[in-house]
Each structure stands twice: as C-alpha cells, then as structure tokens.
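See structure below.
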Amino acid sequence: MGVLMVLLFSVLADLKTDRIPNALTAAGMAAAVIVGTARDGPSGLPHILMDVLLMFIITFLLFAFKALRGGDGKLMCVTAAFLGFKASLIILFTAMIIASAAGIIKKFFCGRVTGKYTYIHFSVPVAAAAALYAAYIFFAGGILL
C-alpha cells in the first residue's frame, strides 16, 4: 500500500512539473526501509539494500541509454525497496510494455514529438504496472510467482 501512495504522488508531481522530486523519492525510500525493518527485523535491511542496488544498476543502464530519466530510476529503486527485486523487475518490464504501447499511440495520434523521440511520463506506466501487480497478488494470490 505504501508503494502505491508513493507512486500516486510521483505521478501527480511528474504530470504537473515533468519531474519527480528528490524529497519524494527520499521519503519513499525511508518509509520502505522503516516498513521493511519493522516487518523483517534488522536482518531484513541487507536484503532491502541489495534489492535497491540491483534495481539501481538496471535503471542506471537504462538512464545511460536515455531510456529512463533520473527520477524514474529512483522511483523504481523505491519500488524495489518496498516490494523486493523480483516484484520490481516484473513491474519495470510491465511498465516498459505499457509505455511502449502509449508511446506508439502518442506518436501516431497525438503528435507531441520532440525531435525523433516521443516523450511520455514513465511514472504513469510504473504506477499502472504496480496497480496491475497488486491486483494480481490480491485476486490471483500470486500463483505464478
């Protein structure tokens, strides 16, 4: 639930200002660490940090190739801190599929094109993917995970 709140505020900020504030991702990361430590005890902290590190490596590579912006990578690290690496990786790939479909639709129908790139707010597909993941866990019980 906490990750969905962080994602909601990130979407609102991203749509309004074209940025995800560092204060929001820092607060989300702190909340994830507090919740994770309360849930798993102090021994869960290394797992949280490893999940965040793995997601950071992936999103940094995507950032280096200009597939993500900086705030989107930090947002995915917060998602990894809350849900773990495996769930955040599923959310990342689902968000990429959603973003690809949205980009194609936007390119052909909306015309908001700058140069050769079509820009979209990636926080929206991330939030949609996280909501789909939450619905999958709630309704299907996470059978395939």
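What follows is calculated from the coordinates using simple rules that are stated; it is not laboratory data. Computed from a predicted structure; not experimentally measured. Note that we place each Cβ from the backbone using ideal geometry, even for glycine, and neighbour counts take in every protein chain shown.
When the listed pairs Lys16/Lys74; Lys66/Lys106; Lys86/Lys107 are checked against a 26 Å cut-off, the alpha-carbon distance exceeds it for Lys86/Lys107. Between Thr17 and Phe60, the modelled labels are 2.5 nm apart [label points 7 Å from Cα along Cα→Cβ].
Note on the chain: GNM, Cα springs under 10 Å; of Gly73, Gly36, Gly28, the largest mean-square fluctuation is that of Gly36.
What shape does the chain take by its C-alpha gyration tensor, where a ≥ b ≥ c are the square roots of the eigenvalues and a/c under 1.5 counts as rounded, a/b above b/c as prolate, and the rest as oblate?
Working: a/c = 1.95, a/b = 1.59, b/c = 1.23.
Note, shape of the chain comes out prolate.
How many angstrom separate the Cα center of the range 50-71 from the Cα center of the range 9-34? The range 50-71 and the range 9-34 have Cα centres separated by 16 Å. Counting only chymotrypsin sites (Phe, Trp or Tyr not before Pro) that DSSP places in a loop and that have at most 15 other Cβ atoms within 10 Å, the longest clean stretch of the chain runs over 1-64. How would you classify the range 54-139 from its alpha-carbon gyration tensor, with a ≥ b ≥ c the square roots of the eigenvalues: rounded for a/c under 1.5, else prolate if a/b is greater than b/c, otherwise oblate? Oblate, because a/c is 1.5 or more while a/b does not exceed b/c.
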